[in-house]
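A short reminder: the numbers here are calculations on the coordinates, not readings from a lab. What you are looking at is a predicted structure, and each value in this text was computed from that prediction instead of being measured. Counting neighbours? That spans all protein chains shown, and the Cβs are built from the backbone with ideal geometry, glycine included.
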Amino acid sequence: MKNMDNPENLAQCPFRGTRVGGAMGKSPQLDDWWPNRLQVELLHQEQPVANPLSDENYKAAFNKIDLQELKKDINAMLVDSKDWWPADYNNYGPQMIRMAWHSAGTYRIADGRGGAGQALQRFGPINSWWDNGNIDKSRRLLWPIKQKYGASLSWADLIVLTGNCALEIMNFPTFGFGGGRRDAWEPDRSTYWGPEFWNGKPFKESKVGEYYDGHPEEMVTQNLRWKGEPSDPNRDLENPLAATHQALIYVNPEGPGGNGEPKDSAMAIRESFKRMAMNDEETVALIAGGHAFGKSHGMASADKIGPAPEAAPMQAMGMGWQNSEGTGFGKYTMTNGIEGSWTPDPTTWDNNYLINLFKFEWEKTESPAGAIQWTPKDPDAPKTPDAHEEGKMNDLMMMTSDIALKVDPAYNEICQRFLNDFEYFTNAFSKAWYKLTHRDMGPKDRYLGPEVPEEDLIWQDPVPKRDFDLIEEAEITSLKQNILESGLSVSALVSAAWSSAAIYRDSDKRGGANGARIALEPQNNWDLNRPNELNKVLSTLRSIKDDFNGNQSGNKRVSLADLVVLGGCAAIEKASKDGGFHVNVPFTPGRTDATAEQTDVESFDWLKPVSDGFKNYHNDKVGYNVPAERIFLDRAQLLTLNAPEWTVLTAGLRVLDQNFDYSKHGVFTDRPGTLSNDFFQVLLSMDYEWVPQDEKEMYFDIIDRETGNIKYTATRCDLIFGSNAQLRNIAEVYGADDGKERFIKDFVKAWDKVMMLDRYDIRDD
């Protein structure tokens, strides 16, 4: 008879295994064993299979919402205080402003990553950064709204819109709101948030797998991302970062490293906000405007606060920072450790923040949690009402980062302007808030809803609306012939088109061929764009454009932007024909030409890559802590490429002779300018050995094993397609005898994808 207490008789069967040691995802995993492996799979995040709404048309669904009714629902929620998380001053407005601000404020201009666009605040690591303490409660308060509108309203749009509503119910006139943000459905694994691991240690010096709560001493560090001391005017923050401390959105409100020095704080603020694409006036407007509302929380010491959401126990159901002090909420609320409000009326838009900042002298003190803050020296200074105890009045508070606006000469001058002209200040904050919450949305064609302002703003990278009829197939064919007969080489035409389109980055939907900014400063003089050659191409294409447009009797026109792309398409058709394959490269007209007045040169200069494997470009003047192939992977992800697309584009660009300096690295062919799979033939061949040219292992000689002669040269961005297991298997598909035609077709498809990445005038996303 079977023993029902031990039906498998495990005690007598020692070879069966009576313990479960792990399951999917438990370390050690592949990256634990081989941490230097290039994670090509990062190109395949956010797949439709992860999205339960992949079959929904969000644009159509959002446009059916009655926005005013939605705002009424949000406004009602903002003043409906809940016992489980009571509202400060019976108004959730300030709390929701912080939520929206921190969602958008992760944006950085260096790579366009971060921002409110996908509501990544819902996932780790951002949901568990110390700076986002208790924002999890804000989203839970919003759940009934999200529940009501379901798939028609993304979390990303709801978070930003709620921030707007919060400002409006406190009598602030917002500039506008554009919907159209689509939610992520998994944590972002592509963004580099800084070098510090737990307790400010480098990753390689830390024990992976140890348990950490996510308290400030574990997370809020800056020791690895900076060179120089806080007071050093040449202090340098590592690219592409914008946050000055790990686990903070901007700066430490107590000063760099919590040093309590306003001058040092001002320097950190300027660096951080500049890297968020904000100038000095926008910076002051955002700080002074934001601190007109609400309060900071510092009634409990950090050791009373439980783990962050990602470390919280299962029964917490995704909420973190459980506070054991008193009730744990209300007057005991703890966020950044600083306690108090900036104004006597924290739920009304007024100029009292700046009035108080400059009217009084402030002295350094400590919050109940032990954090550095400032209080007025004048005992007769106004008081601020307690957020939860009726009739109780408290001293005003300023942070070190507030005092910074007073001591920094440039910030002080702007503050004085705002003090003397409250209407001007209001308008400045309104526009800066709009920029903050919409900076990563791309062109205005993507904005949805009735509150999108008519005004075009230069940071939106505007392009003129098309006011002419589109060219048709007959004209396209004729123009391609004219381009090919102009004397321009295949390599030059492909280079111009690729240089124009491939600066696009999906992170903030910037760049791309539309607007023909390749013909304007700063792009037309970037060294990686082969400027001398480029400007000859542009000059020739302008002549073709003028001749064509001048010979039209109707309203049919062609733009320079379209001709640049068309030239690349024509060149690829010729290159493929020369290789024995006839192919039609898709072309969709409708681009227009931007002007210099529509182009923010300083902002656009940030789009220039420091390293670009597609052109074998690597700026040696920049210090790198990562190998070139990892930056190459990063660029492929910004172009939304999958691994096969990345592979075929690189191989095709090499044989089409696209290196920025006309070098022959990776040009594994005896017929450059012909579209072929020769790159793969050489890459996969065992007739060669690959020898580093020096100890840096950036450049390699490809040596014929039989003769010992150097046949080709290459970079790391070439070899990776043969050395990485995932990429090599893809390369084998195209390097096989039956892979030649497949390569041509897949290259053309990937090429067209890149050319169309910024065509939001016709794309439905």
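A simple rule links phi to the HN-Hα coupling: the Karplus curve 6.51 cos²θ - 1.76 cosθ + 1.60 with θ = phi - 60°, which for the range 616-630 gives 6, 9, 8, 6, 6, 7, 9, x, 10, 9, 10, x, 4, 5, 6 Hz, with x for Gly and Pro.
Computed from the C-beta positions of residue 69 and residue 465 and an R0 of 25 Å, the FRET efficiency is 0.20 to the nearest 0.05.
The angle between the Cα long axis of helix 422-438 and the longest principal axis of the Cα atoms of the chain comes to about 50 degrees, rounded to the nearest 10. Annotation: the antiparallel percentage among DSSP beta bridges lying fully within the range 611-747 is about 90. Measuring max minus min along each principal axis, the C-alpha atoms of the range 611-747 give extents of 43, 41, 28 Å (largest first).
Our summary gives the range 473-605 a relative contact order of 34 percent, counting only alpha carbon pairs under 8 angstrom and 6 or more residues apart.
A straight line joining the Cα centroids of the range 83-159 and the range 699-737 runs 47 Å.
Under 5 Å between amide hydrogens, built in the peptide plane, is the criterion, and for residue 82 it picks out 87 among residues at least 5 positions away or on other chains.
Rounded if a/c is under 1.5, else prolate if a/b beats b/c, else oblate: with a ≥ b ≥ c from the C-alpha gyration tensor eigenvalues square-rooted, which is the range 62-122? It comes out oblate by the Cα gyration axes.
Amide H to amide H, with H built 1.01 Å from N, residue 394 comes under 5 Å of 384, 386, counting only residues 5 or more places away or on other chains.
Computed from phi, the 3J(HN,Hα) profile of the range 485-498 under the Karplus parametrisation 6.51, -1.76, 1.60 (θ = phi - 60°) reads 8, 7, x, 6, 6, 4, 4, 5, 5, 5, 4, 5, 5, 5 Hz, with x in place of Gly and Pro.
Rounded to 0.05, the FRET efficiency of the residue 547 and residue 410 pair, given R0 = 51 Å and the Cβ-Cβ distance, is 0.50. Here the 3J(HN,Hα) profile of the range 547-553, calculated from phi with Karplus coefficients 6.51, -1.76 and 1.60 at θ = phi - 60°, is 5, 5, 5, x, 9, 8, 8 Hz, Gly and Pro shown as x. I need the calculated FRET efficiency for the pair residue 689 and residue 37, taking r as the beta carbon distance and R₀ as 30 Å, to the nearest 0.05. In this case the efficiency is close to 0.85. Measuring nothing but how far apart in sequence close Cα pairs (under 8 Å, 6+ apart) lie, relative to its length, the range 297-440 scores a relative contact order of 20 percent.
Full extension of the chain between residue 535 and residue 419 yields a length gain of 36.9 nm, computed as 0.36 nm times the residue separation minus the alpha carbon distance. Across the chain, the relative contact order, built from alpha-carbon pairs under 8 Å that are at least six residues apart, equals 12 percent. For the range 67-438, the calculated P(r) over all alpha carbon pairs, in 20 Å bins from 0 to the bin holding the longest distance, is 30, 63, 7 percent. Please state the shape class of the range 146-298: rounded when a/c is under 1.5, otherwise prolate if a/b exceeds b/c and oblate if not, all from the C-alpha gyration tensor. Oblate, because a/c is 1.5 or more while a/b does not exceed b/c. Go ahead and estimate [θ] at 222 nm for the chain from helices alone: -39,500 (n - 2.57) per DSSP H run with n ≥ 4, summed, over the residue count, rounded to 500. Per the formula, -11000 deg cm²/dmol.
The modelled label-to-label distance between residue 661 and residue 602, using points 7 Å beyond Cα along the C-beta direction, is 3.1 nm.
Backbone amide hydrogens, once placed in the peptide plane, bring residue 362 within less than 5 Å of 377, excluding anything fewer than 5 places away on its chain.
Panel values: the range 683-737, Kirkwood radius from alpha carbon pairs, Stokes-Einstein at 25 °C and 0.890 mPa s, translational diffusion coefficient 208 µm²/s.
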